[in-house]
Each structure stands twice: as C-alpha cells, then as structure tokens.
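Visitor: Here it is: the structure, laid out below.
The values are calculated or read from the model by the stated rules, or taken from the named source; none is laboratory data. Computed from a prediction, not measured in an experiment: that's the story for all the values here. Note: ideal-geometry Cβ built from the backbone for every residue, glycine included; neighbour counts use all protein chains shown. Keep in mind that these areas ignore ligands, DNA and RNA; they rest on the heavy atoms of the full protein, side chains included. Shrake-Rupley method; radii C 1.70, N 1.55, O 1.52, S 1.80 Å.
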Amino acid sequence: MSKTLIIGASGQIGKMTTELLLKNEQSVVALVRDKSKLSDLQSPFLNIVEQDLEGDFSNALKDCEQVIFAAGSGGNTGDDKTVLIDLWAATKAATYAREHAIKHFIMVSSIGADDPDSINGDLKPYLVAKHMADEHLINSGLNYTIVRPGTLTNDAASLTVTTKRPQDQDKAKVSRENVANALLHIATNSPNGSRIFELFDGDKPIKAAVK
C-alpha cells in the first residue's frame, strides 16, 4: 500500500485531509510539531511523527511515496514565520522529496501566488513566499500538483468546485472541507504529469473538476 506524508497534519486543512485519507484506509504519516493535536485520531493506518519544520525533518519521508504539504505559519504570526514555514520548510520538503524519490508532491499554495505583484498590502509577503516555494517545486524535477485555493471559508463541504476563477471577486472562495476533499481525490488518483490549478467553490463534482 502506498504511504502519504502529510506535512502540517494538525492544521485545519491538513487534519481534514488526514481524516479523509484514513477513512479511505490510506496509509498516512502525519508530521506535526505537537502530537497532542491529533490525539483524537485513532487508526491502524496512521503513524504520527513529531518534528519541527524549522529543523531537519527529512527522516519523515522515509518509505513514503507521496507528500502533501499543507503546513502554514498562520495568520497570527509575523513575516519571519512566513519565510521559515511557507517558504523555507516548503522548499526543504521538495528537496527531501527529491532525495527520497517521492513519486508525487502535492502543494497547497494560494490564489495570487502566480503573481504576487498584483497584490498590495499585508498579504503580499505570504504570496511571495508561496510563489517562491511553488517555483522551487516546479524546478525540482518532481511530479507535482500545485493547488491554489481561493479565500478559505469554514463552510461545510458542498463537494462541488471549479478551477475557473470567478469574475466576481467575492465568489473567489472555497471551503476548507472542499479543499480537503479535492486533496483526497488528487492523492488517490495520482496524475501522470504535473499540473497547477486554482480551486473555488463551484458547480462541478470534485472528480469532474479536478481531473
């Protein structure tokens, strides 16, 4: 059975994705800084690894075939943590993945990461970090999927999405549960080639929208 490493498994999207993979009897290695945050998860398919992303976490990739990077510094931290987690930890993860011959790397990025200069304000350093991490992955030689969700919400999963950016900016949003379900589909239907797409709540079933 293939084994998926989820980096940032105690975050909101990371934990949802972990739970979905476990429900589908997928073998998961959950990389977290604090094991207690996953104390409510019990599964024979789960292995929890406690490591700090600011250090060397390369051993967590051992025997894994796939990586999902869902970690983030969070909205309450400064630009220093954005650089260390959203940029540096993400680039290290891709480098480790190359060293471990990982078959598929799934990056949870962000809308706007393709062109940070189009954004002004407090969000720009975050988008620059995401852009640089994405570029590192693109140039890594790995088989990858980069998902760039719109504005994240806590709405319940509709299980219908679109990869076409809405013209109305207020509709350029997606529920975290929809993102997690999209990651489940991607992780269990690994593509033959690399791809990048944005993700929003929409009207197509995930399977059809995320081909």
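Visitor: Reachable aspartates and glutamates from residue 103, Cα under 12 Å, same-chain residues fewer than 8 places away excluded?
Guide: Filter leaves 63, 65.
Visitor: Work through the residues other than residue 3 whose Cβ is under 15 Å from its Cβ and net out their charges, Lys, Arg +1 and Asp, Glu -1. Don't skip to the answer; put the middle values down first.
Guide: Working: positive: 62, 103; negative: 25, 63, 65.
Spelling it out: positives minus negatives among the neighbours equals -1.
Visitor: Next up: Before anything else, pin down the relative contact order of the chain: Cα pairs under 8 Å, at least 6 apart, normalised by residue count, whole percent. Walk me through the numbers on the way to the answer.
Guide: Numbers: 408 pairs, mean separation 39.0, N = 211.
Worked out over the chain, it gives 18 percent.
Visitor: Run through every distinct alpha carbon pair of the chain and return the Kirkwood hydrodynamic radius in angstroms, one decimal place. Walk me through the intermediate numbers first.
Guide: Values: mean 1/r = 0.0588 Å⁻¹.
It works out to 17.0 Å.
Visitor: So, one more: In square angstrom, what is the accessible area per residue of the chain with a 1.4 angstrom probe?
Guide: Numbers: 10530 Å² over 211 residues.
For the chain, the per-residue accessible area is 50 Å².
Visitor: Find out how many positive minus negative residues lie around residue 91, taking Lys and Arg as positive, Asp and Glu as negative, among other residues whose Cβ is under 12 Å from that of residue 91.
Guide: Values: positive: 92, 98, 130; negative: 86, 134, 135.
Cβ neighbours under 12 Å give a net charge of 0.
Visitor: Per residue of the chain, what 222 nm ellipticity follows from adding -39500 (n - 2.57) for every DSSP H run with n ≥ 4, rounded to the nearest 500? All intermediate terms of the calculation are to be shown ahead of the outcome.
Guide: Values: 5 runs with 54 residues, N = 211.
Helices in the chain give a 222 nm mean residue ellipticity of -7500 deg cm²/dmol.
Visitor: Starting from the Cα coordinates of the stretch 1-119, work out the convex hull volume and express it per residue in Å³. List each step's numbers first, then the result.
Guide: Working: hull volume 13.3 nm³, N = 119.
That works out to 112 Å³ per residue.
Visitor: Moving to a separate point now. How much net charge surrounds residue 180 when only the other residues with a Cβ under 9 Å from the Cβ of residue 180 are counted, with Lys and Arg +1 and Asp and Glu -1? Please report the intermediate quantities before stating the final value.
Guide: Values: positive: 15, 176; negative: 19, 177.
That sum, taken over residues with Cβ under 9 Å, equals 0.
Visitor: Additional query: Averaged across orientations, what area in nm² does the convex hull of the alpha carbons in the stretch 76-180 project? The partial results should precede the final answer.
Guide: Values: hull surface 30.1 nm².
Orientation-averaged projected area of the Cα hull: 7.5 nm².
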